[in-house]
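Visitor: Quick one: the structure is below, and I'll ask about it shortly.
The values are calculated or read from the model by the stated rules, or taken from the named source; none is laboratory data. Keep in mind that what you see is a predicted model, and the values were worked out from it rather than measured. Note: ideal-geometry Cβ built from the backbone for every residue, glycine included; neighbour counts use all protein chains shown.
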């Protein structure tokens, strides 16, 4: 269809290149694709050394880099925060704030804590991320994953730590001198205090064993985050699953900033803080699955499935996973490429679990479904239209376009009677003019990528190239 062709041309210029492969892995795969796994293992170790040097300030940033590691620096993160992309992703986050969790998109990282920015440990040698938790948040990540283990600490007694190790049934193998969980939660709490309107989806994969370990972790979360947690409440006798109708807007109204997810765990203290993660686990899929552009999406799932379920796609870039696949004779994992990410955000995927996310990563650009590049343009106008490519553009309110309409069931249509927005009239008169539009529906704005695509479908069916959306700049 015409809108898909336009979208493909747009993406071709901005999403080129591998998402999280470093130079060594790229060279290896150019010789033999199956060599990507072993080369990725060597790359992980080099990245750990480079990032430890960079974050510790041992040398100037440019001297910490090595020829085999992907490019990342504090400077790039600062530049990202000043970019059109950051403004657009922040806009999309606010646009989706009223949506229930079952339909709200979340930018997330997989094993967020397992970062090369951390002090060297055995488990950290095989990192999923390159930048710190704080820097991930600066890059518009709003879903973090933490693996909590209850193991002996520096003082001799057991304490919760964040570790990329084996479970309690395998004696937490791999966990050695990782920093305590309390220090990592302090880092998250500090960022949230500086950004009081931001709401974080915090997933804790717990290996905390019995009630004692869960109580210890619950005390840390309660002490460090306190009223920031949107807690299930109650007496903790039963586990309450994640409420799919909960929204960022509702969490804000409750004065909170953290939605805590995890297993139902053990003990009342834990269950008073954490929602169960059954819905998340039931509908998560590895990034290697086949996924095409809207409307084909994931051939194994219908559009109704995405509307009714909380759906997560994730990837695993660790050297261990790559080496295991290599030993088994399996092809290298593709993961969440920029092209696949662009398709997913426009098909209704709710939660992304990215590995090795960087500030100049093509997958971040792929998540921008709303504003067309460099929009809204200064001086272009206060009103907003959506085009056949399902992207927003600023327009003068006196221009004439059809109206975008959405009914109570979520179906999109177009009021094809072309009219001005009348933005300069009195507010009451403007409301009256809008009520005369969209008979049986409401003048509306898409709040997620799949809604923009469905509106584009309705526009194409009506023979309309542009339509006003209920939004002003």
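Visitor: Can you find a residue in region 163-175 that is part of a strand (DSSP E or B) and closer than 18 Å to residue 261 by Cα?
Guide: No.
Visitor: Another question about this same structure. Go through (1) farther than 23 Å from residue 249 by Cα; (2) in contact with a helix residue (DSSP H, G or I) (Cβ under 9 Å, 6 or more places away or on another chain); (3) modelled with pLDDT of 95 or more; (4) buried (at least 16 other Cβ atoms within 10 Å of the Cβ) for residue 406 and report which single condition fails.
Guide: (1)
Visitor: If we keep just the residues of region 198-213 that are under 25 Å from residue 250 (Cβ atoms) and over 13 Å from the mean Cα position of the chain (by Cα), which is surrounded by the most Cβ atoms within 10 Å (Cβ to Cβ)?
Guide: 204
Visitor: Between a first residue in region 460-473 that is in the same structural domain as residue 393 (by TED's automatic domain parsing) and a second residue that is at pLDDT 95 or above and in a helix (DSSP H, G or I), which pairs have beta carbons less than 6 Å apart while being 6 or more apart in sequence or on different chains?
Guide: 467/459
Visitor: Can you go through 189, 182, 217 and tell me which one is in contact (Cβ under 8 Å) with a residue 60 or more places away in the chain, closer than 27 Å to residue 278 by Cα and either within 21 Å of the chain's Cα centre (by Cα) or surrounded by 15 or more Cβ atoms within 10 Å (Cβ to Cβ) (or both)?
Guide: When all the criteria are applied, what remains is 217.
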